[in-house]
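Bear in mind these aren't lab numbers, they're just calculated from the coordinates by the rules spelled out. In this text, all values refer to a predicted model and were calculated from it rather than measured experimentally. All Cβ positions, even for glycine, are placed from backbone atoms using ideal geometry, and neighbour counts span all protein chains on display.
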Amino acid sequence: MVTIVFSHPWHGSFNKAILDTITSKFEQENKAYQVIDLTKDGFNPSFSEAELAVYNQGKAIDPLVLKYQEMLKNSGEIIFMYPIWWGTMPAILKGFFDKVLLQGFAFSYENGWTPLLKIGRTTVITTSESAGETFKPFVQDYFIPNMLYSVGINNATWLNCEHTSTGTDEMRKDFLKKVEAAVI
């Protein structure tokens with residue numbers, strides 16, 4: 001099962017066009033997938049006091065967190081899709097990591113840090129206005145090794161569409177072809 005974590009609030013965005021390209025390909029190939037649309041689901045990325053009270057126990061009280069954990073348990077592949085804002089991911093995606101990838105679910109401290117998820121393939125798809133090289137320190141040097149590999153979300157590939165708003169339609173169409181070729 002492929003799980004797509006979609007982190008863009010506007011369904012008229014280029015990010016949504018990327019999502020539609022991927023899901024259309026999967027449907028044509030009868031490939032099983034599920035989408036976590038954080039904004040559409042109404043996911044709250046902030047901890048409430050009650051949530052934080054059980055955080056150190058590896059527990060969650062938000063029904064969406066529990067739903068997302070079940071979805072991830074059944075995933076062999078994951079695709080993260082988000083715009084780069086202020087050099088990093090949107091707050092809603094950071095909140096997903098904070099609240100969903102809990103101790104006892106995504107990692108263990110018992111015998112040193114141990115990843116618990118077993119996701120064999122990962123694709124990170126981002127959009128930005130600046131050149132992708134600008135964001136390499138965050139995505140390739142921090143996000144992938146420290147936030148993905150550390151919990152067992154493995155074998156990551158990063159694709160970035162730069163100049164998303166100011167570029168040409170041809171450039172965006174070429175990127176959609178690149179994405180379609182990359183998701184197999």
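Counting pairwise Cα distances across the chain, what percent come out greater than 23 angstrom?
Working: 7005 of 16836 pairs.
For the chain, the share of Cα pairs beyond 23 Å comes to 42 percent.
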Residue-averaged [θ]222 nm for the chain, counting only DSSP H segments that reach four residues, each worth -39500 (n - 2.57): -10000 deg cm²/dmol
Cβ-derived FRET efficiency at R0 22 Å, residue 91 paired with residue 131, nearest 0.05: 0.40
Tilt relative to the chain, helix 14-28 - C-alpha long axis, 0 to 90 degrees, to 10: 90
Estimated dipole of the chain in Debye, rounded to 20 [Cβ of Lys and Arg +1, of Asp and Glu -1, Cα centre]: 280
Relative contact order computed over segment 77-172 (Cα-Cα under 8 Å; 6+ residues apart), in percent: 34
Farthest positive-ward along the chain dipole, Cα basis, beta-carbon charges - from 7, 108, 65: 108
Principal-axis tilt of helix 63-73 within the chain, Cα atoms, nearest 10 degrees: 70
Partner aspartates and glutamates for residue 31 [C-alpha distance under 13 Å; skip if fewer than 8 residues away on the same chain]: 77
Using θ = phi - 60° and Karplus 6.51 cos²θ - 1.76 cosθ + 1.60, couplings along segment 150-166 (whole Hz; Gly, Pro as x): 5, 10, x, 9, 10, 6, 8, 10, 10, 10, 10, 9, 8, 6, 4, 7, 9
0 to 90° range, to nearest 10: angle between helix 169-182 axis and the chain longest Cα axis: 50
Mean Cα-pair separation over length for the chain, i.e. relative contact order, pairs under 8 Å, 6 or more apart, %: 24
